Every structure is written in C-alpha cells, then in structure tokens.
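Peer 1: Please read through the structure below; I'll follow up with questions.
The values are calculated or read from the model by the stated rules, or taken from the named source; none is laboratory data. Since this is a predicted model, take the numbers as computed values, not measurements. In this analysis, Cβ positions are derived from the backbone assuming ideal geometry, glycine residues included, and neighbour counts consider all displayed protein chains. These area figures cover heavy atoms from the full protein model, side chains too; ligands, DNA and RNA do not enter into them. Shrake-Rupley method; radii C 1.70, N 1.55, O 1.52, S 1.80 Å.
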Amino acid sequence: MNLLAVEKPARYMGGEMGSIRKDAPDLRFALAFPDVYEVGMSHLGLRILYHILNEVDGIAAERVFAPWPDMESQMLASGLQLATLESATPLSSCDIVGFTLQYELSYTNIINMLRLGDIPLLSSDRPDAFPLVVAGGPCAYNPEPLAPFIDAVLLGDGEEAVLEIAQAARAAKMAGENKAQLLERLSAIQGVYVPALFEPQYHQDGTISGITALRAGYSSVRRRFLPDLDSAAYPGSPVVPFMKTVHDRVAIEIARGCTRGCRFCQAGYIYRPLRERSPETILKLVEESLKATGYDEVSLLSLSTGDYSCVAPLVTELMALYSEARVALSLPSLRVGTLTDELIEEIKKVRKTGFTLAPEAGSDRLRRVINKGISEADLIAGAASIYKAGWRLIKLYFMIGLPGETLEDVTQISSLARQVKDQAKGSGISGDVNVAVSTFVPKAHTPFQWEPQISIQETMELQYQLHCDLKKRKLRFKWQDASLSFMEGVFARGDRRLAPVIIRAVELGCRFDGWGDHFSLERWQQAFTECGIQPEWYLRRRSLDELLPWDHLDSGVTRDFLLAERERAILEAATKDCRDGSCTACGVCDFTVVKNRIVEMVSLPPRPNIPSDNRSAARIRLRFSKNGVMRYLSHLELITVFTRAVSRGGVPILFSQGFHPHPRFSFGTATSVGVDSEAEYMDMFVVSGITAREVQELLNAVLPEGLRILESEEVDAKSSSISTLIYATLYKITIAAADPDELSKQCVQFLAHSSFLIQRTKKGETQTVDLRSETVSLLADGKSVLLVAKRGKPVEFARAITGDEALMGDDIHVEKLEVIFAQP
C-alpha cells in the first residue's frame, strides 16, 4: 500500500503510543468506527471498549476506521481488503466486527466498510465462516434501518456487556458452534438485541401492524445499565494518535446521564439514571492520563458538566494542580443555570476562545414546551457575567422546527441574541455573538417521538428569515444544511424497508454523508426512487396508537411517561429535576441497583508543590532516526509526537511564554514525507541539572517504534538555531526501475549543467529553484545515487537526474543518511 498517495498517511499507519498488538489471540474483536480516523479516535466510547477488551488475556481489540476516498481508491486499485490498524488483519478474518452507531448519516460508511472488508452485507447471507457483526451506541435505540445487516445490537452501557459478548463468542468458537447457536447465546445477555429473532409486519398504508418475536420469552429487549460509574473501568493509558484529532486532549467522563428532562433530547432519556464519578477518582484518572499521554488539555465530559455536584471545587483543584504545568481545562457542556460567579472565575483562567450557551429556543414559552428550564432573564444575566469576566465572544445554539413553534418564536431568536450582545456594553468591551441554528429532529424514546419534522423547504424558509433578521442586528449566523437534517430525520425514525436504499446509495457513491462536501442529496433521491420509498413519509406525525419500529426495544423510560411528558409539553408545564430526590416516575430506576448516584465533596488530597519555570535552562541537541511507518509522519505530526513524548517521559522541558505556551524545542529542516532518515536533529530546552544521556533514555522509553534517539549532547544555551547550522544533506535515492549504467551517465549529464531550473507552486505562489546550484556532489551507485544537496526535495532531484517528470514518491526509496553542518 502506497501511503504517499493519500492525503493523511497517519490515518492508516498504526503503531501509535499506547496501542496494543496481540499475536494469535483466541478472539480478535475489530472495533469499527464508521468515520475518518481523527473523528473516531476522539470518541471516548471507543477508547473505553479498547481498554476493557485488551485487559483480558486471549482477546485482542483492534481498531478500524472508514477510509477516506483517496485510500478507498488505493485499496480497490491494489485489491486490498479493509484491515485493522494493529495487526493488519482483514475484517473478514476477525471474529467480531463491532460498529459504533453514533450518527445516522454514517450508515453508508458502515455498509461500505463491510464491502471493503469483503464481508457479505446481509446477515442472512453470512455463513459461519464470516465474523459476527455487532453494533452499539446512541443510534442503537432505533437500529431498524440497519437491522438486515447487523447480527446483534447492544442497547445501553457497554462496559460490562462487551466482555460478555466477547466471552460468549469465544466460548462458541471453542465449542465449534454455528452462527445460530451463537446468536442464541447472545440473546440471553441483557441488553443484546438480535434483529433476526424479530419480524415486523406492515399495514397496507405502510404503518407497522406487528413485530413478531420468533423466539419464546424474547419479545422485547431492555437496555443494559452500568450501575456505578465510579468503579467502572477507564483507560488511563489510551492510544495517543500521531496526528491532530477532533478532540486532541485527555477526556474524563465525570458523569453519565442527566436529570433535567429536556423533552427534545434523546441522550437525556437513554442515558438515565444520573451516575457521577467521585472527585477523588476524577483527580486520579486525570493524573494517570496526563502522565501516560503527554496531552496538555483535560476535558471534563458529561451531558451537562455544570450540573456535576462538585464542579466548582473540582475545577478549582484541577486549575491549582496543573496550571503551572501549562495544562488547560475544558468544560464543553455548561448550562446558564449552573454559571456561578465562582465557576466563571475559574473557567476564565482556561485557554478558551468563546463561551457556549444553548438556549435552544427563542422564547420563554417555547423553552417551557421543551422543559429547558432557563428563562430569558437567566440568559441575559449569565451573558453579563461572562462578558464581565473578560470573554469577548459568546456562541448561542438554537433549534428551529420544535413542536408548537410559531414564527414569533423564531423571530425572538434574533431579538434574544441581540440582547445577549448588548450585555457586553456594561463591561466596557465590544462583545460578539455567534448564532448557530440546527433543525429539530424527533428521536426515538423521547416525548417528541410522535411529532413531525419540518420539511427541507420549511427549514430553508426559516433559515432565510433568521439570516435577514440577524444580519440587521449585526450578528453572525451559522446553520445546518437542511438536506442533512432531512436525511437524519428519515433514518432516526426509519424501519427495515430503508436497508435496500442504503445499499443502493452506497452503490451510487454515497460516503461520508455527514461531511457537507461529500453529501449528495441527488444520489439519495435516486436511491429512494429506485427502491420505491417516499422519504418524506418518515417525517410525518405518528398517531399515538401507532406501533413504532422501535417499540420492542426498552430504553427503561416507559411509554406512559413519554406520553405524559408530551401532554405536559402541550400545557407548557415543567417537569422537575429529579436530582434532589423528587422522582418523576420515568421507569428507569429500581432504587436498589439502578438509581441516581450523586457524589458529595470530601476533602481532597494535598497538592504537590510544583516549581515554576524560572529556572536556568540547558540546551540538549538530539540526533534521531525516523524509519518504517514513521517516515510517513508530516513535520507537524512529528512535533506532536515529541510534544507528547517529553511529557510522557517526564523530561523537565521548559515552555515558551504567552497565552498559548509550547514546549521549547526546535527541529532542523523538515524532511519530506516518506523519507527514511538516520539524521534528524532537534534542540530542546530543559531544566538544567539533567544530563543529555538521561534525556535520551527518557525519550527512547516512550517514543513509538520507528523513532529513536541515536545521539545526544548538551550545547551552549545561546548557540544558533539548529536549522541555521545545517549546510547540506546526504541522501541515498534508490530508483527501482533504473538501469545502473544509464543512471551513471545521467548523473554525469546532470553535473555537466551550469544550472537546472525547476518551478514549484506553494500556497499559490510560483518559486524557481536551481537544483544544480544546490547540488554539492552526486555519485551513481548501482540503482541508487548518493546526493549531497543544500536545498530541494529528493523526488525533484530524481526527476531532474533521470529526465522522468512522471517519477513519483512511491517510485523511489529515499534515505537521509547524514547532515553536513556549516563550518564555524
């Protein structure tokens, strides 16, 4: 596979710090994320399952992600199957392939990954020799559009259930059982839904007339509950990617579940009850994770971080512990009602470009309908406090198309946003407001699961109205594409009859539908038409006595409670937060094992005395090698690896000053991607007292295979930058198709030139480079040349020497053997 031919080779390299490879396991479990690497590697659930499964002897959890179109083209051209990163095992040779169902618009990627893995798409077409295909995640609460493709679906929390699924599959494998027997085993595990054991029937009008259970005693599936989050397994040493990911930081889940009861929010219902981690456990996990990963930011995750019982003292403690170490803190989910002055004072110490608030609706009336629980006055007061604390930008999130919405409610979005902006005047600053608006999509297992979704045309009309209103008020506006919301709505409440549409859409080229520049409504419309499906039908209002596609799946929240909440929405009646013990009788808790678990703040351990960076500096010069798959790292990715490594290794690095401090190190000239090197150089500034040899040993203990420190020495702290000291570089360029005699002649001919000008375009500008004047020496050696050059890319020299302009990076093998320093 030629990684030089793809946009981002680091997506496919594997071998990251913290990754685990097991040879000849009893069971190989491919954790398949149906999106690109940098999205999947940001997903906390994937990290947790990877850690849990790999803790068990004999079970190997490995990762696989949706290949970007450039890699898919490479795979199809070379006849290669989609394979795991850890061992390059083709998907078809794994025992289990487990997909994350995170977003409805990733469904085409799931089908495409099966196709690229040479796995029959339909569960009924897969004989015993093929892997078990399972799935889990938020979309599992209505997996019916995918039901014909999936063997088993996990509803609910996966920490315990994923091990039970793996152990059942291993036991069935050892016993020589067939697929039907394995599915019987799985159906006995709480939370596991086997679609093949249910059969839906339909009325003439298309609605569902019945869902027949094909196995006695298996008429519905209740979700799996993890009773206690505090004692749950958590990855203290997660995989650390080489490249920047969407969420490039330590992520700590401080709570799961939410008691607020916002009626539009599926997560608020399917993740009940509320389970909080203790501050002691959180502090321990943060310490372990920072040490193991080298990240410089920690994110505290939950559906509403500000609702965490001990959020203010926890944030205060974390800031005190890590601010000197230049570790930032992120709280991505805050509510207006939880913004105390104490919390705002702590958050403002964090590197943050904007403060995000989610009123969801423009009017108090509509916020009462959705049970949001915040008033306009709350929002205005919160905005004033935020601006007063020094923020200049507030981001506001709203929805359009909510049940009971009127044009007046939409109009009030711009009015409210302007009032928020006006609060900046009281703080003497010029505040900005960004308004982001999405279209409401009714989801299964919520009080609004029966409500209609507005059409593409209605969405666009409301968006245009908002665009005009917000422009008049000088506010910035971002919106979600109406077609994407339309497609999400179709599959969020769809049924098994949509499966052929997904297959046809993939055949027509649909991939990465959640990425706006890859989405094609025209292809989807063609697929719907050819399959005889009217997609708008799935956006309609559902009658209250209608059998819904997911009615045999039990989220824990009862149908009666959802109906009662729907009625309260119509009456604009509030449902209280059950955090304080006022039970709303939703049906989730049994009050013994499954119940709200809310922590109390206890005295935290004493803080260590962290010295400041006002210490003398030593400059360490390092020579290191970059071989194997590491040669595909870009220069920026290499910087990222070393940034993580100095922290993981405990190297006492010094930091730059300013708002965004960085480790003080610098590299020699950047080496082209794909070049094997024995002569990479860097300087780093460390606290004086540590020897160069100790720095070398600390880094070699944590660097991934393919990167190794070869030499180290302490140099004068005031010496010139390493990049300015380099005069030339010695390369060995091997051209597989070259004739040795001809290559020797070509070298002589090239050297005979007085100049050899080429042009290259960089950032829209054309540059002229004289390769001959940059050449110090050139010698043929069989199919290789030994080149000493001051500037220029090896592939440019290879083309100039051979006269072959079509020569590409994968046609040659380049080794960087030595750097020649300028004489003092």
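Peer 1: For the range 115-126, how many residues are small (Gly, Ala, Ser) and part of a loop (DSSP other than H, G, I, E, B)?
Peer 2: As a first pass, look at the range 115-126 and keep what is small (Gly, Ala, Ser): 117, 123-124.
Checking which are part of a loop (DSSP other than H, G, I, E, B) leaves us with 117.
So the answer is 1.
Peer 1: Which of the residues belonging to the range 428-449 are more than 30 Å from Leu547 (Cα to Cα) and open to solvent by less than 50 Å² (accessible area, probe 1.4 Å)? Explain how you work it out, then say what you get.
Peer 2: Initially, the range 428-449 is screened for residues more than 30 Å from Leu547 (Cα to Cα), giving 428-437.
If the condition is that a residue be more than 30 Å from Leu547 (Cα to Cα) and open to solvent by less than 50 Å² (accessible area, probe 1.4 Å), then Ile429, Gly431, Val433, Asn434, Val435, Ala436, Val437 are the ones that fit.
Peer 1: Are any of the residues in the range 562-580 more than 25 Å from Ser220 (Cβ to Cβ), modelled with pLDDT under 95 and either among the polar types (S, T, N, Q) or in a loop (DSSP other than H, G, I, E, B) (or both)?
Peer 2: Taking the range 562-580 as the starting set, the residues that turn out to be more than 25 Å from Ser220 (Cβ to Cβ) are 568-577, 579-580.
If we keep only those that are modelled with pLDDT under 95 as well, we get 576-577, 579-580.
If we keep only those that are either among the polar types (S, T, N, Q) or in a loop (DSSP other than H, G, I, E, B) (or both) as well, we get 576-577.
The answer is yes, given that some residue of the range 562-580 is more than 25 Å from Ser220 (Cβ to Cβ), modelled with pLDDT under 95 and either among the polar types (S, T, N, Q) or in a loop (DSSP other than H, G, I, E, B) (or both).
Peer 1: Give Thr305, Thr316, Thr281, Thr293 a once-over and let me know the one that is among the β-branched types (Val, Ile, Thr), out of contact with any helix residue (DSSP H, G or I) (no Cβ under 6 Å at 6 or more places or on another chain) and open to solvent by 30 Å² or more (accessible area, probe 1.4 Å). First the steps, then the outcome.
Peer 2: Details: Thr305 fails: open to solvent by 30 Å² or more (accessible area, probe 1.4 Å); Thr316 fails: out of contact with any helix residue (DSSP H, G or I) (no Cβ under 6 Å at 6 or more places or on another chain); Thr293 fails: open to solvent by 30 Å² or more (accessible area, probe 1.4 Å).
Checking each option against the conditions leaves just Thr281.
Peer 1: Same structure again: When the range 429-471 is examined, which residues are found to be part of a loop (DSSP other than H, G, I, E, B) and of a type in the set (Lys, Arg)? Before the answer, list the steps.
Peer 2: Keep residues of the range 429-471 that are part of a loop (DSSP other than H, G, I, E, B), which gives 429-431, 440-455.
If the condition is that a residue be part of a loop (DSSP other than H, G, I, E, B) and of a type in the set (Lys, Arg), then Lys443 is the only one that fits.
Peer 1: Sort out which residues of the range 663-716 are polar (S, T, N, Q), outside any helix (DSSP H, G or I) and within 21 Å of Pro241 (Cβ to Cβ), and write them in order of number.
Peer 2: Across the range 663-716, the qualifying residue is only Thr671.
Peer 1: May I ask you to say which residue of Ala737, Ala752 is surrounded by fewer than 12 Cβ atoms within 10 Å (Cβ to Cβ), touching a residue at least 60 places away in the same chain (Cβ under 8 Å) and not charged (D, E, K, R)?
Peer 2: On the way: Ala752 fails: touching a residue at least 60 places away in the same chain (Cβ under 8 Å).
Exactly one residue qualifies, and that residue is Ala737.
Peer 1: Going through the range 1-17 one residue at a time, which ones are open to solvent by 30 Å² or more (accessible area, probe 1.4 Å) and touching a strand residue (DSSP E or B) at 6+ places or on another chain (Cβ under 9 Å)?
Peer 2: Tyr12
Peer 1: Taking the range 7-31 on its own, how many of its residues are touching a helix residue (DSSP H, G or I) at 6+ places or on another chain (Cβ under 6 Å), under 26 Å from Val153 (Cα atoms) and not hydrophobic (A, V, I, L, M, F, W, C)?
Peer 2: Counting residues in the range 7-31 that are touching a helix residue (DSSP H, G or I) at 6+ places or on another chain (Cβ under 6 Å), under 26 Å from Val153 (Cα atoms) and not hydrophobic (A, V, I, L, M, F, W, C) gives 1.
Peer 1: Another one. Among the residues of the range 269-320, count how many are of a type in the set (A, V, I, L, M, F, W, C), over 30 Å from Arg566 (Cα atoms) and in contact with a strand residue (DSSP E or B) (Cβ under 7 Å, 6 or more places away or on another chain). Write out each step before concluding.
Peer 2: Residues of the range 269-320 that are of a type in the set (A, V, I, L, M, F, W, C), as a first pass: 270, 274, 282-283, 285-286, 290, 292, 298, 300-301, 303, 310-312, 314-315, 318-320.
After this cut, where a residue has to be over 30 Å from Arg566 (Cα atoms) as well, the list is 282-283, 285-286, 290, 292, 298, 300, 310-312, 314-315, 318-320.
Subset that is in contact with a strand residue (DSSP E or B) (Cβ under 7 Å, 6 or more places away or on another chain): 282, 285-286, 290, 298, 300, 315, 318-319.
Total meeting the criteria: 9.
Peer 1: Pairs only if they're at least six apart or on different chains, beta carbon under 6 angstrom, first in the range 405-425 and among the polar types (S, T, N, Q), second open to solvent by 50 Å² or more (accessible area, probe 1.4 Å); list them, first residue then second.
Peer 2: From the range 405-425, the pairs are Ser414/Arg473.
Peer 1: Let me ask another. Any residue that is within 30 Å of Ala251 (Cα to Cα), modelled with pLDDT of 95 or more and polar (S, T, N, Q) - is there at least one of those in the range 60-82?
Peer 2: No - not one qualifying residue is present in the range 60-82.
Listed here are the residues, each with its yes/no results for (1) modelled with pLDDT under 95; (2) over 21 Å from Arg249 (Cα atoms); (3) surrounded by fewer than 18 Cβ atoms within 10 Å (Cβ to Cβ); (4) touching a Phe, Trp or Tyr at 6+ places or on another chain (Cβ under 8 Å).
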site	(1), (2), (3), (4)
Arg644	yes, no, no, yes
Thr669	yes, yes, yes, no
Asp683	no, yes, no, yes
Val695	no, yes, no, no
Asn700	no, yes, yes, no
Lys718	yes, yes, yes, no
Ala728	no, yes, no, no
Asp741	no, yes, yes, no
Ser744	no, yes, yes, no
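Peer 1: Out of all the residues in the range 357-379, which are farther than 20 Å from Pro332 by Cα and open to solvent by 30 Å² or more (accessible area, probe 1.4 Å)?
Peer 2: Matches in the range 357-379: Asp364, Arg365, Arg368, Ser375, Glu376, Ala377.
Peer 1: Still on this structure, please answer the following. So for the range 479-491 (the condition being within 30 Å of Val588 (Cβ to Cβ) and open to solvent by 40 Å² or more (accessible area, probe 1.4 Å)), does at least one residue qualify?
Peer 2: No, the range 479-491 contains no residue that is within 30 Å of Val588 (Cβ to Cβ) and open to solvent by 40 Å² or more (accessible area, probe 1.4 Å).
A quick yes/no check of all residues on (1) within 20 Å of Leu303 (Cα to Cα); (2) of a type in the set (S, T, N, Q); (3) in contact with a strand residue (DSSP E or B) (Cβ under 7 Å, 6 or more places away or on another chain); (4) at pLDDT 95 or above:
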position: Met399; (1), (2), (3), (4): yes, no, yes, yes
position: Gly404; (1), (2), (3), (4): no, no, no, yes
position: Leu407; (1), (2), (3), (4): no, no, no, yes
position: Asp432; (1), (2), (3), (4): no, no, yes, no
position: His445; (1), (2), (3), (4): yes, no, no, yes
position: Phe448; (1), (2), (3), (4): yes, no, no, yes
position: Glu458; (1), (2), (3), (4): no, no, no, yes
position: Leu462; (1), (2), (3), (4): no, no, yes, yes
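Peer 1: Working carefully through the options Ser231, Ser237, find the one that is assigned to a loop (DSSP other than H, G, I, E, B), farther than 30 Å from Gly489 by Cβ, in contact with a Gly (Cβ under 6 Å, 6 or more places away or on another chain) and open to solvent by 10 Å² or more (accessible area, probe 1.4 Å).
Peer 2: Answer to the check: Ser237.
Peer 1: Filter the range 127-156 for residues that are part of a loop (DSSP other than H, G, I, E, B) and open to solvent by 10 Å² or more (accessible area, probe 1.4 Å) and give the result. Break it down into steps so the answer makes sense when it comes.
Peer 2: Initially, the range 127-156 is screened for residues part of a loop (DSSP other than H, G, I, E, B), giving 127-131, 137, 142-143, 147-151, 155.
Matches in the range 127-156: Pro127, Asp128, Ala129, Phe130, Gly137, Pro148.
Peer 1: Given Lys425, Lys421, Lys395, which one is part of a helix (DSSP H, G or I) and crowded, with 17+ Cβ neighbours inside 10 Å? Break it down into steps so the answer makes sense when it comes.
Peer 2: Working: Lys425 fails: crowded, with 17+ Cβ neighbours inside 10 Å; Lys395 fails: part of a helix (DSSP H, G or I).
Answer to the check: Lys421.
Peer 1: Restricting to the range 327-343, name every residue that is open to solvent by 40 Å² or more (accessible area, probe 1.4 Å) and outside any helix (DSSP H, G or I). Lay out the reasoning, then the answer.
Peer 2: From the range 327-343, those open to solvent by 40 Å² or more (accessible area, probe 1.4 Å) are 332, 337, 340-342; that's our starting set.
Correct list: Pro332, Thr340.
Peer 1: Applying the selection to the range 498-518, what residues are open to solvent by 20 Å² or more (accessible area, probe 1.4 Å), in a helix (DSSP H, G or I) and in contact (Cβ under 8 Å) with a residue 60 or more places away in the chain? Full working, then the answer.
Peer 2: Step one: list which residues in the range 498-518 are open to solvent by 20 Å² or more (accessible area, probe 1.4 Å), which gives 500, 503-504, 507-509, 511, 514-518.
Cutting the leftovers down to in a helix (DSSP H, G or I) gives us 500, 503-504, 507.
Of everything in the range 498-518, just one residue is open to solvent by 20 Å² or more (accessible area, probe 1.4 Å), in a helix (DSSP H, G or I) and in contact (Cβ under 8 Å) with a residue 60 or more places away in the chain, namely Ile503.
Peer 1: From the set of residues in the range 519-553 that are free of Cβ contacts under 8 Å to residues at least 40 places away in the same chain and in a loop (DSSP other than H, G, I, E, B), which is farthest from Tyr202 (Cα to Cα)?
Peer 2: Restricting attention to the range 519-553, the residues satisfying the condition of being free of Cβ contacts under 8 Å to residues at least 40 places away in the same chain are 520-534, 545.
With the extra rule that they be in a loop (DSSP other than H, G, I, E, B), the set shrinks to 520, 531-534, 545.
Working: Ser520: 30, Cys531: 17, Gly532: 15, Ile533: 14, Gln534: 16, Asp545: 15 Å.
Per the stated criteria, the residue is Ser520.
Peer 1: Here's something else I'd like to know. Based on what the data block shows, is Ile48 on the phi < 0 side of the Ramachandran plot, outside any helix (DSSP H, G or I) and out of contact with any strand residue (DSSP E or B) (no Cβ under 6 Å at 6 or more places or on another chain)? Explain how you work it out, then say what you get.
Peer 2: Details: on the phi < 0 side of the Ramachandran plot: yes; outside any helix (DSSP H, G or I): no; out of contact with any strand residue (DSSP E or B) (no Cβ under 6 Å at 6 or more places or on another chain): yes.
In short, no.
Peer 1: Which one of Gly404, Gly390, Gly373, Gly362 is in a loop (DSSP other than H, G, I, E, B) and closer than 19 Å to Ala267 by Cα? Break it down stepwise before answering.
Peer 2: On the way: Gly404 fails: closer than 19 Å to Ala267 by Cα; Gly390 fails: closer than 19 Å to Ala267 by Cα; Gly362 fails: closer than 19 Å to Ala267 by Cα.
Answer to the check: Gly373.
Peer 1: Scan (1) crowded, with 18+ Cβ neighbours inside 10 Å; (2) under 30 Å from Tyr308 (Cβ atoms); (3) modelled with pLDDT of 95 or more; (4) under 31 Å from the mean Cα position of the chain (by Cα) for the single condition Val594 breaks and write down its number.
Peer 2: So the condition that Val594 fails would be (1).
Peer 1: Kindly evaluate Leu571 against the criterion of being within 30 Å of Pro273 (Cβ to Cβ), open to solvent by 30 Å² or more (accessible area, probe 1.4 Å) and not hydroxyl-bearing (Ser, Thr, Tyr). Outline the logic, then answer.
Peer 2: Working: within 30 Å of Pro273 (Cβ to Cβ): yes; open to solvent by 30 Å² or more (accessible area, probe 1.4 Å): yes; not hydroxyl-bearing (Ser, Thr, Tyr): yes.
In short, yes.
Peer 1: I've got another one for you. Just to check your reading of the model, which residue among Glu288, Glu346, Glu324 is outside any loop (DSSP other than H, G, I, E, B), modelled with pLDDT under 90, open to solvent by 20 Å² or more (accessible area, probe 1.4 Å) and among the charged types (D, E, K, R)?
Peer 2: Details: Glu288 fails: modelled with pLDDT under 90; Glu324 fails: outside any loop (DSSP other than H, G, I, E, B).
Result of the check over Glu288, Glu346, Glu324: Glu346.
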